1. Working only within region 64-97, note down all residues that are at pLDDT below 90, more than 17 Å from ILE132 (Cα to Cα) and surrounded by 13 or more Cβ atoms within 10 Å (Cβ to Cβ).
2. If I filter region 132-188 down to residues being free of Cβ contacts under 8 Å to residues at least 12 places away in the same chain and not in a helix (DSSP H, G or I), which single residue comes out as nearest to GLY73 (Cα to Cα)?
3. Name every residue in region 122-153 that is polar (S, T, N, Q) and over 23 Å from LEU219 (Cβ atoms), in order of residue number.
4. Before we move on, is LEU225 modelled with pLDDT under 90 and touching a helix residue (DSSP H, G or I) at 6+ places or on another chain (Cβ under 8 Å)?
5. In the list LEU31, LEU44, which residue meets the criterion of being under 16 Å from SER124 (Cα atoms) and at pLDDT 90 or above?
6. Filter region 42-60 for residues that are in a helix (DSSP H, G or I) and among the β-branched types (Val, Ile, Thr); which is nearest to GLU96 (Cα to Cα)?
7. Do any helices (runs of 4 or more DSSP H) entirely within region 61-111 hold 1 or more residues that are over 18 Å from ALA34 (Cβ atoms) and of a type outside the set (A, V, I, L, M, F, W, C), and if so, which?
8. Might you let me know whether region 158-176 holds any residue that is farther than 23 Å from LEU56 by Cβ, at pLDDT below 95 and of a type in the set (A, V, I, L, M, F, W, C)?
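The values are calculated or read from the model by the stated rules, or taken from the named source; none is laboratory data. Computed from a predicted model, the values in this text were never measured in an experiment. We place every Cβ from the backbone using ideal geometry, glycine too, and count neighbours over all the protein chains shown.
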Amino acid sequence: MGEFGPTDGDPVTYHFNLLYHVQGIIPWLLLPLAFVALKENRTLQAAWILAPIVLLTIVYSVVMNILQMDSGGTVQLNVIFTILVLGFSMVWLFAERIGSRNRLVTFLLITLIYFSFLGVNLLSGGFGKDMIAIASLAAISIPAIIFAFIIAALNSPKSFNTARFIIYVGAALFSVLLIIFSIFMFIFHPATDLPINSRIVELLIASFFISLIYYVGLLPFLVLLLSNIFWRKRFESVLGIQTKIPIEPPSPMKNLDIPQNQI
């Protein structure tokens, strides 16, 4: 208020608990716990999942430094980054426990793991208005990511093609986000002053850029899952697809010099 009011107020006693610092890192502690608690992850090959996490963390830090956002926006983006990136990693660390099942059961288990990680973040971050808002965005994003992989897997024929699968993931991610955002916009916020054409344009732009950000974030994981033999096996067991064309054993008749019509 400058000269129109007091510059200092009465002192207030505030009790700060050291646990407030710990709350924010609880979701990150689940990652090493998954390596320790699950024996199938106690191998150097499993540790490769850290490579895309580290890469995305570096890129995210650089982008945040460039944007110079306020503290509130930074905290919100940190939470959504943690939920989506670490939650996705947790799914694959549980791959041998949830894979090689009926596809419906597998994807229900994936959803359970992903949303459980979201719940841990919500509990550790509190139930403030900002936290609820960012958790709602994560709750919308998680099904979109899961369905993108479901659609890509269902459209993968026996002759698996890596490039085609990656393209399908991107296209499906945009399509599913567009559908989800449309439902939320026209059902929960039907009355606005904007004409319908402007709302559709906003919807398409928001869906495109958000899906593009998520897609870029998924690419390092896709490279790992499709290039590393250890993680490729987990990829196949979770999605229920074969990434290599099965080789048929040669017919014994082909090894004979006698024409088959003379036998």
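1. The answer is MET69, and nothing else.
2. ASN161
3. Hits for region 122-153 are SER124, SER136.
4. Answer is no for this residue.
5. Exactly one of LEU31, LEU44 is under 16 Å from SER124 (Cα atoms) and at pLDDT 90 or above, namely LEU31.
6. Within region 42-60, the subset in a helix (DSSP H, G or I) is 46-60.
Keeping just the survivors that are among the β-branched types (Val, Ile, Thr) gives 49, 53-54, 57-59.
Details: ILE49: 14, ILE53: 20, VAL54: 23, THR57: 26, ILE58: 29, VAL59: 29 Å.
So, considering only residues that are in a helix (DSSP H, G or I) and among the β-branched types (Val, Ile, Thr), the one nearest to GLU96 (Cα to Cα) is ILE49.
7. Values: elements: 71-81, 87-93, 95-98.
Result: 71-81.
8. yes
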